[in-house]
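One structure below.
The values are calculated or read from the model by the stated rules, or taken from the named source; none is laboratory data. Bear in mind that the values here come from a model prediction, so they are computed numbers and not experimental data. Here the Cβ positions follow ideal geometry from the backbone for every residue, glycine too, while neighbour counts run over all protein chains shown.
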Amino acid sequence: KAGVTQTPRYLIKTRGQQVTLSCSPISGHRSVSWYQQTPGQGLQFLFEYFSETQRNKGNFPGRFSGRQFSNSRSEMNVSTLELGDSALYLCASSLVGGGKNTEAFFGQGTRLTVV
Amino acid sequence: DAKTTQPNSMESNEEEPVHLPCNHSTISGTDYIHWYRQLPSQGPEYVIHGLTSNVNNRMASLAIAEDRKSSTLILHRATLRDAAVYYCILRETGNQFYFGTGTSLTVIP
């Protein structure tokens, strides 16, 4: 059974550009959440999607957005990139609604560098 | 927001048991206690979770205090591959995790 797949693994962008990251969850998983990891702030929750609807959102500016497709694949977009957006972006998938009694599976992440 | 407190770092000798503590004094009755670990350059990996009773799986054991305000992750025989950052998380709703700073475990050969 394939794990969570994130593409691309590495990305270099210039300040002011926009970027789109992709996450393919484990087959059958309908809940996908996104996280940003930086040395200074650690792992921070960005947002969660379930059945193509955003269910929860973390405390990030509107430049960070996402969506989920009918096949549960998800994308996140960051517009007007800033140097501080350089981070490891992780996605996690869970079975069904992602209830408290279920585990989440994380991808290996996309390393974004903004120059 | 992270609602757990863990030591920043711990060391263990290889082949010996490791007890990683976590305090979660504001836990509610329906919060599950989850543990994940993150190896260098990888995404977090599920270790174990529980609600009230102690739990065991092939990776570790989870001991939960009777008042549920603290828990301990037990690695029965630490190996070099267990060197990672271990996160204790209270899973509330949905598929969102609020990570704290975790405990960086060093395993000494």
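Numbers for the structure displayed
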item	result
Criterion violated by A:Tyr89 - all others in (1) of a type outside the set (A, V, I, L, M); (2) loosely packed, with under 13 Cβ neighbours inside 10 Å; (3) touching a residue at least 60 places away in the same chain (Cβ under 8 Å) satisfied	(2)
Test set (1) at pLDDT 95 or above; (2) under 19 Å from B:Arg37 (Cβ atoms) - A:Tyr10 fails condition number	(2)
Unique residue being within 25 Å of B:Pro40 (Cα to Cα), more than 10 Å from chain B (Cβ to nearest Cβ) and either modelled with pLDDT under 95 or within 14 Å of the chain's Cα centre (by Cα) (or both) when the list is A:Gly40, A:Gly84, A:Gly66	A:Gly40
Test set (1) within 19 Å of B:Pro44 (Cα to Cα); (2) away from chain B (no Cβ under 12 Å); (3) modelled with pLDDT under 95 - A:Gly28 fails condition number	(1)
Selection from the stretch B:28-41 of residues that are outside any strand (DSSP E or B) and either among the aromatic types (Phe, Trp, Tyr) or in contact with an Asp or Glu (Cβ under 9 Å, 6 or more places away or on another chain) (or both)	B:Ser28, B:Thr30, B:Asp31, B:Leu39
Single condition B:Asn23 does not satisfy, out of (1) within 17 Å of B:Thr101 (Cβ to Cβ); (2) in contact with a His (Cβ under 9 Å, 6 or more places away or on another chain)	(2)
Residue that is farthest from the chain's Cα centre (by Cα), among those in the stretch B:10-43 that are within 14 Å of chain A (Cβ to nearest Cβ), closer than 14 Å to B:Leu105 by Cβ and surrounded by 15 or more Cβ atoms within 10 Å (Cβ to Cβ)	B:Gln38
Positions within the stretch B:57-109 being within 30 Å of A:Asn56 (Cα to Cα), assigned to a loop (DSSP other than H, G, I, E, B), within 14 Å of chain A (Cβ to nearest Cβ) and without any contact (Cβ under 8 Å) to a residue 40 or more places away in the chain, in sequence order	B:Thr93, B:Gly94, B:Asn95, B:Gln96
Unmet criterion (only one of (1) buried (at least 22 other Cβ atoms within 10 Å of the Cβ); (2) closer than 24 Å to B:Tyr32 by Cα; (3) among the small types (Gly, Ala, Ser); (4) within 13 Å of the chain's Cα centre (by Cα)) for A:Ser94	(4)
Per-region count, the stretch A:76-95, residues among the β-branched types (Val, Ile, Thr) and touching a strand residue (DSSP E or B) at 6+ places or on another chain (Cβ under 8 Å)	1
Residues of the stretch A:1-60 that turn out to be assigned to a loop (DSSP other than H, G, I, E, B) and hydrophobic (A, V, I, L, M, F, W, C), as a count	4
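Yes or no, residue by residue, for (1) at positive phi; (2) among the charged types (D, E, K, R); (3) touching a Ser or Thr at 6+ places or on another chain (Cβ under 7 Å):
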| residue | (1), (2), (3) |
| --- | --- |
| B:Asn23 | no, no, yes |
| B:Arg37 | no, yes, no |
| B:Ala60 | no, no, no |
| B:Ala65 | no, no, yes |
| B:Ile74 | no, no, yes |
| B:Arg77 | no, yes, no |
| B:Ala83 | no, no, yes |
